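Each remark here refers to the structure printed beneath this line.
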Amino acid sequence: MPRVVDAADKGERVGDGYGRTLIAGLRGAPRALREDLWTTARDPLPRQAWFGWLPHGHLVLLAVVAGVANMAGYSNAMDVLSAPMQLFVVLQAAALVLALSRPVPAWWLSTVSLFLTAEIGESTVGPDMVWPWSVWGIVVHTFIVLLLALRVPLRVTVATFVITVLTGAAHTVVPTGFPHNEDLAGGTLSFATAAVVGASLRISRVARTRLVEQEVLTAEERARRTVLEERGRIARELHDVVAHHMSVISIQAQVAPHLVENPSAELRENLAGIRQNAVEALTELRRVLGVLRAEDAAADAVRHAPQPTLDRLDELLDNVRAAGLTVDAATTGERHALSPGVELSAYRIVQEALSNAMRHAPGARVRVETRYLPHGITLRIANTPPSRPADAASAPQAPGMGHGLLGMRERTAMLGGELTAGPTPDGGYEVTATLPTETCEDGT
């Protein structure tokens, strides 16, 4: 009999899973923290965008001034300034310079130096000097904590702060029998402030970096999706063009025997084979590419509509003029028939360029030039500078457009042509496309 699992059992299992994950995380935390703290990895402070290397120079200068001032303070507070005391004072000042490139080793050096200077001067430093950290020792270590927190994860910042405070508290918990000017709270507050400020700046920087990365990924994904959508649209349009020609071949093969008096059996058989192959090719084409229509919700309404050609260019220009765009048109060269794919792509390029002009250059004057070449066609769509700022929300848009230069480039590349687009010296914009093709007469 199958076991019935109720909600309580499921909740218990989920709770056990979370519990195991938490226990595993706690067990691995000491090791991860040890790896974070016991490292000599180089992590140089980057050059600042506004101030360059100036902050680095100021920190080096601060290390020199703090070292000299700290040495003078201990000299006044102690009868004899021993060599070890001088060494640790110098090392703590040098730790600030080291923090510019290796923050974790610099923090260790500063913390150990602070601890040992307090240990050595415990019985000789009088009440005239702050204890267990000197004023300049606190200043240097505060900057080191700040530089550390700017470049390490939050858990490392917290751990270093706790260790620093514990090393200072170790000298104040046990009575020494000597009078000291204890100010553990002041140093702790200074270190905590540096840790909070540094960690906050790092979190903000990491968040901005991730946001920029996400924006880049989003832009790349949007561009990739736009290219795929435009390719799908091109495939749908070419499907219609090819399907039309295959249908014509099938019909002509079916009618041809009736146009010949007493056609031979071989001719009937060949024409029947041509028609059969055309029908089969048309069926396969519809099966493979027809699915593209199903993905387009608006496609059903235009499934049987003829694809536009340059014969409808005047109609397109009239439509955009009615929408408020001033357009001049000129055609040069001997006009000749083009292949259906070139006709369709040329029309779409002009349509998209006019749509872009309406959206991005309101009030501009547009000129559309069509030049027929012996083996191709050149389209040039140029607009003057806009007379008013563009309003993307209210700008009109040609039906079916919206893929911009990506769609133009896809269509031009598909035909082996060239496309250039960019601003003009007078502040306008120009799109030039050259589509190579053979005339229908040459291609037959």
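The values are calculated or read from the model by the stated rules, or taken from the named source; none is laboratory data. On a predicted model such as this, the values are computed, not experimentally measured, just so you know. Note: ideal-geometry Cβ built from the backbone for every residue, glycine included; neighbour counts use all protein chains shown. Heads up: the accessible areas ignore ligands, DNA and RNA and are worked out on the full protein's heavy atoms, side chains in. Shrake-Rupley method; radii C 1.70, N 1.55, O 1.52, S 1.80 Å.
The modelled label-to-label distance for the pair Leu267/Leu154, using points 7 Å beyond Cα in the direction of Cβ, is 8.8 nm. Database remark: amide H of Glu182 closer than 5 angstrom to the amide H of Trp131 (H placed geometrically; neighbours at sequence offset of 5 or more, or on other chains; Pro and chain starts carry no H).
With K and R counted +1 and D and E -1, the other residues having a Cβ less than 12 Å from that of Leu313 yield a net charge of -3.
Taking 7 Å steps out from each Cα toward its Cβ at Thr424 and Met71 produces label points 7.3 nm apart. The Leu37 and Thr218 beta-carbon pair, evaluated with R₀ = 35 Å, returns a calculated FRET efficiency of approximately 0.40. Peptide packing: for 123-130, 258-265, the average count of neighbouring Cβ atoms within 10 Å per residue gives the ranking 123-130, 258-265, highest mean first.
Taking label points 7 Å from Cα along the Cα-to-Cβ direction, Val206 and Ala281 give a separation of 6.2 nm.
Computed with a 1.4 Å probe on the full set of protein chains, the accessible area for Arg155 sits at about 130 Å². Measuring only protein heavy atoms, the 1.4 Å probe finds Trp108 accessible over about 80 Å².
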